[in-house]
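The values are calculated or read from the model by the stated rules, or taken from the named source; none is laboratory data. What you see is a predicted model, and the numbers here were worked out from it, not measured in a lab. Don't worry about glycine lacking a Cβ; one is built from the backbone with ideal geometry, like all the others, and counts go over all protein chains shown.
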Amino acid sequence: GENVEQHPSTLSVQEGDSAVIKCTYSDSASNYFPWYKQELGKRPQLIIDIRSNVGEKKDQRIAVTLNKTAKHFSLHITETQPEDSAVYFCAPINFGNEKLTFGTGTRLTIIP
Amino acid sequence: EPEVTQTPSHQVTQMGQEVILRCVPISNHLYFYWYRQILGQKVEFLVSFYNNEISEKSEIFDDQFSVERPDGSNFTLKIRSTKLEDSAMYFCASKPTGSGELFFGEGSRLTVL
């Protein structure tokens, strides 16, 4: 099955600085690359996604970059705020089998 | 905005008892999923369901687990004989056709004593 890893597993960032989380995956057939945010005690929610025909996508303070050749994609958060503190999961999918495997998770803490 | 709903929000059960967790996916979604999350750990795939049958399942989804769509709206996860290690948050999710985005319910916390 798909092997999905995230680095780092924990990340502490001063408020206002940037954070980058990397996701590596094994299934070269993956063609959709989302990032989910899970606040403490809540459900995961999609924050940004990218398809395999695009290298980068931005939405205000968050962006996702994709390197299909190297099989990794990254979440970038700029001008971090306390409400960005959460666990972030990547979940690359191959639309052919509909099985979404979540990454190992990254706990991001924003230090005020 | 339509949401995935789950019941119960929290269930406490004795080891060896059967548990049924219920989910109502978003009405026009055709793909349904169960995931579990042990406290502090990652979200683990259990099973996906499409067209009234299981399309994928993980190694975790052994003979103790089953899923059912008993009517046009509910999607249930049954654990036949619960074990201590089944204690976790169980998330139901649904997905529309042609999209990769999963919509999660708020989860059902299962505590096995």
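If the condition is being part of a loop (DSSP other than H, G, I, E, B), touching a residue at least 12 places away in the same chain (Cβ under 8 Å) and closer than 16 Å to B:Val4 by Cβ, then region B:25-84 contributes B:Pro25, B:Ile26, B:Ser27, B:Asn28, B:His29, B:Leu30, B:Val43, B:Arg69, B:Ser73, B:Asn74.
Taking the criterion of being more than 23 Å from A:Ala91 (Cβ to Cβ) and surrounded by fewer than 19 Cβ atoms within 10 Å (Cβ to Cβ), the residues of region B:74-100 that qualify are B:Asn74, B:Thr76, B:Lys78, B:Arg80, B:Ser81, B:Lys83, B:Leu84, B:Glu85, B:Ser87.
Every residue, every condition in (1) under 26 Å from B:Leu39 (Cβ atoms); (2) within 14 Å of chain B (Cβ to nearest Cβ); (3) of a type outside the set (Asp, Glu), yes or no:
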| site | (1), (2), (3) |
| --- | --- |
| A:Glu5 | yes, yes, no |
| A:Val13 | yes, no, yes |
| A:Ile21 | yes, yes, yes |
| A:Asp27 | no, yes, no |
| A:Pro34 | yes, yes, yes |
| A:Lys37 | yes, yes, yes |
| A:Lys42 | yes, yes, yes |
| A:Glu56 | no, no, no |
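Report whether or not B:Thr97 is modelled with pLDDT under 90, more than 10 Å from every other protein chain (Cβ to nearest Cβ), more than 28 Å from A:Ser9 (Cα to Cα) and part of a loop (DSSP other than H, G, I, E, B). Judged against the criteria, B:Thr97 is a match. Going through (1) within 12 Å of another protein chain (Cβ to nearest Cβ); (2) surrounded by fewer than 15 Cβ atoms within 10 Å (Cβ to Cβ); (3) modelled with pLDDT of 95 or more one by one, B:Glu106 falls short only on (2). The number of residues in region A:9-51 being of a type in the set (S, T, N, Q) and surrounded by fewer than 16 Cβ atoms within 10 Å (Cβ to Cβ) comes to 8.
Within region A:11-24, can you find the residues that are in a strand (DSSP E or B) and within 15 Å of A:Ile77 (Cβ to Cβ)?
A:Leu11, A:Ser12, A:Val13, A:Gln14, A:Ala19, A:Val20, A:Ile21, A:Lys22, A:Cys23
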